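Every number here is computed from the coordinates shown, using simple stated rules; none is lab data. In this text, all values refer to a predicted model and were calculated from it rather than measured experimentally. Note: ideal-geometry Cβ built from the backbone for every residue, glycine included; neighbour counts use all protein chains shown.
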There are 2 protein chains.
Amino acid sequence: MLERERHSLILKLVEERSIVSVGDLLDLLGASEATIRRDINTLAERGEVKRIRGGAEAVRPRHQPHLVGMPFVLSQDISVPQKRAIARAASELITPGESIIINGGTTTFALVEFLADHDLDILTNSFPIAAKLLATSRNRITLPGGTIFREQNIVLSPFDNDTIENFWGNKLFTGCYGLNRFGIMEADPLVVQAQTKLLKRTEDVIVMADSSKLRQKSAMIVTGLDRISTIITDDGARAEELDVFKTAGIKVIVASVRAEDELQKLA
Amino acid sequence: MLERERHSLILKLVEERSIVSVGDLLDLLGASEATIRRDINTLAERGEVKRIRGGAEAVRPRHQPHLVGMPFVLSQDISVPQKRAIARAASELITPGESIIINGGTTTFALVEFLADHDLDILTNSFPIAAKLLATSRNRITLPGGTIFREQNIVLSPFDNDTIENFWGNKLFTGCYGLNRFGIMEADPLVVQAQTKLLKRTEDVIVMADSSKLRQKSAMIVTGLDRISTIITDDGARAEELDVFKTAGIKVIVASVRAEDELQKLA
DNA sequence: CACGAAACGATCATATACAATCAGATACAA
DNA sequence: TTGTATCTGATTGTATATGATCGTTTCGTG
């Protein structure tokens, strides 16, 4: 059985039972304890399950807290250290009072956490990002009009007469499926469309891509390197992987995951 | 076997099983490992499959939906029996498959609860309504573009080039601040603006107003009685209060709070 | 508080997967 | 037929994954 197969089987089981033990998985996967623990740990690092002693648990808690007065509360943060580190570095590029655009995605979602104290004009096509911003910050939030696509939870309109035509952002923060010498790559045509719309509404494009994205390829190029001004990645990136971006004149920021871990422990 | 044949066979298998190992392909293709790896790599470069250790995977993995989990849960329902009763009556006016518009407000928020099983196209300017619909139903949800106004939690654009220009709803469900012989009254100019925009996108206007609204007055008239087709209120309304609407040709539905209470106890 | 069992992380040897290289096979054109 | 280009499979060295082992930590129980 391939690593990937085990991973998706574990995820499926966790989803069904909301908790699985290493012993259960032992039989079902036919792998050794060590491997199962490794699998659970990697899935936990990605934030897809929660590591508990003796097994794994669903990220989404079973008994969700209720809060009267606010229309919703937030679930546990699923952002992993890499994304947090990148998000923190990204937040340092933002100056108070400016207007920014945030494209939907898990990496950019992590950015929200660091925007609580800012006073910004924020446009985002991500429903979850808008929701979290609404609940945890005082920033002004604008959404493009359109239908909510559930898979990606983004708001996207098939029409051109978009409300965002009246928005201009100093910076666009976006994640990606893959990032390499061709530029930003995505796997889902919907995401391409959404991203393309946002690209028109800003000058400064900041790509937040954890180091695994640098080795990821796909069929669809959203935009070339010439459109990118800054790339933020984590210290898992090899120096030679970043050279192509640097020679293209792109500012490359490497966020330290270890430093982020320590900051996290302090809190 | 030709290269082309191998490629399409691999794609077919990946499509079917969403993941195949090199070993599987070894038997099925009768080619050497090296060739199979080459095949997978070229397909991956074209973006037709995703390269994983030990084999190939479908580009869009099955567990993608979990990428962006629902970052919020909903608050306890603050709707009182009157609103529930009215909402239930309102939901009975909806036929499956149609497209409706829901204006923001606490009364219309109560309606969401009754839309879980429907298969509707829903346009709403209310962020909480959209959030709850997203979390608890499979309806298609569309939002107008614009900024989120925190006081009312509605999305509203100051511009005219609105995405909702491309939406048409069979019915508009709206609450109100006050309802009397002048028509629908509101206290907040923002709400007036939002409501006015929605009124243009439908023919059939259904006002959900608990009986206290019939005695409530304000400065701003959103629209006259001639624009209203149905009014739903609770049995706290006096008969003579409803006469003015009936004589204006409006269908008046009185929802029984007592009946709602009993239904509630059963659940 | 002490104890034992279970779970854990780290380490290591082994197994597996991988990319790179090269030589032979095949297809095609002159 | 000959020469060339391409494809294929075998081989190699390297990178990565796996399972066994062992010492440590954690948890529950007495």
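The figures follow:
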{"read-out": "Cross-link pairs B:12/B:132; A:132/B:50; B:83/B:251; A:197/B:197; A:132/B:171 - those with Cα-Cα distance over 27 Å", "value": "B:12/B:132; A:132/B:50; A:132/B:171"}
{"read-out": "For residue A:52, distant residues with modelled amide H under 5 Å away", "value": "A:57"}
{"read-out": "Exposure proxy ranking, count of Cβ atoms within 10 Å, fewest first, for B:252, A:205, A:49", "value": "B:252, A:205, A:49"}
{"read-out": "Ordering of A:129-136, B:164-171, A:92-99 by burial proxy (mean other Cβ atoms within 10 Å per residue, highest first)", "value": "A:129-136, B:164-171, A:92-99"}
{"read-out": "Sequence-distant aspartates and glutamates (8 or more away, or on other chains) whose Cα lies within less than 14 Å of residue A:213", "value": "A:186, A:234, A:235, A:241"}
{"read-out": "Top of A:246, A:217, A:12 by mean-square fluctuation, Gaussian network on chain A, Cα under 10 Å", "value": "A:12"}
{"read-out": "Per-residue Cβ neighbour rank within 10 angstrom, fewest leading, B:27, B:210", "value": "B:27, B:210"}
{"read-out": "Per-pair calculated FRET efficiency, R0 = 22 Å: residue A:3 and residue A:52 via Cβ, rounded to 0.05", "value": "0.55"}
{"read-out": "Long-range HN-HN contacts of residue A:236 with modeled amide H, under 5 Å", "value": "A:211"}
{"read-out": "Top of B:18, B:256, B:211 by mean-square fluctuation, Gaussian network on chain B, Cα under 10 Å", "value": "B:18"}
{"read-out": "For residue A:246, label point 7 Å along C-beta direction: distances to other copies, nm", "value": "8.3"}
{"read-out": "Under 5 Å, built H, 5+ apart or other chain: amide partners of residue A:123", "value": "A:100, A:101, A:102, A:142"}
{"read-out": "Shielding of B:136-147 by partner chains, average beta-carbon count, 10 Å", "value": "6"}
{"read-out": "Inter-chain Cβ neighbour average for residues B:21-30, partner chain, 10 Å", "value": "1"}
{"read-out": "Rounded to 10°, Cα long-axis angle of helix A:33-45 versus longest principal axis of chain A", "value": "20"}
{"read-out": "Phi to ³J(HN,Hα) by Karplus 6.51 cos²θ - 1.76 cosθ + 1.60 over the stretch A:174-189, Hz, x for Gly, Pro", "value": "9, x, 6, 7, x, 9, 7, 4, 7, x, 7, 10, 10, 9, 9, x"}
{"read-out": "Contour minus Cα-Cα distance for residue A:196 and residue A:92 (0.36 nm per residue)", "value": "35.0 nm"}
{"read-out": "At 7 Å out from Cα toward Cβ: residue A:12 inter-copy label distances (nm, ascending)", "value": "2.3"}
{"read-out": "Cα-centred dipole magnitude for the protein assembly as shown, charges only on beta-carbon of K, R (+1) and D, E (-1), debye, nearest 20", "value": "360"}
{"read-out": "For B:37-50, mean number of other protein chain Cβ atoms within 10 Å", "value": "2"}
{"read-out": "Projected-area mean, chain B, by convex hull of Cα positions, square nanometres", "value": "19.5"}
{"read-out": "Chain B - percent relative contact order, Cα under 8 Å, separation 6 or more", "value": "14"}
{"read-out": "Antiparallel content of DSSP bridges confined to chain A, in %, to 5", "value": "45"}
{"read-out": "Cα principal axis extents for the protein assembly as shown, largest first, Å", "value": "87, 54, 52"}
{"read-out": "Ranked list, fewest to most other Cβ atoms within 10 Å of each Cβ, for A:172, B:29", "value": "B:29, A:172"}
{"read-out": "Simple label model, 7 Å out from Cα along Cβ direction - residue A:15 to residue B:159, nm", "value": "3.8"}
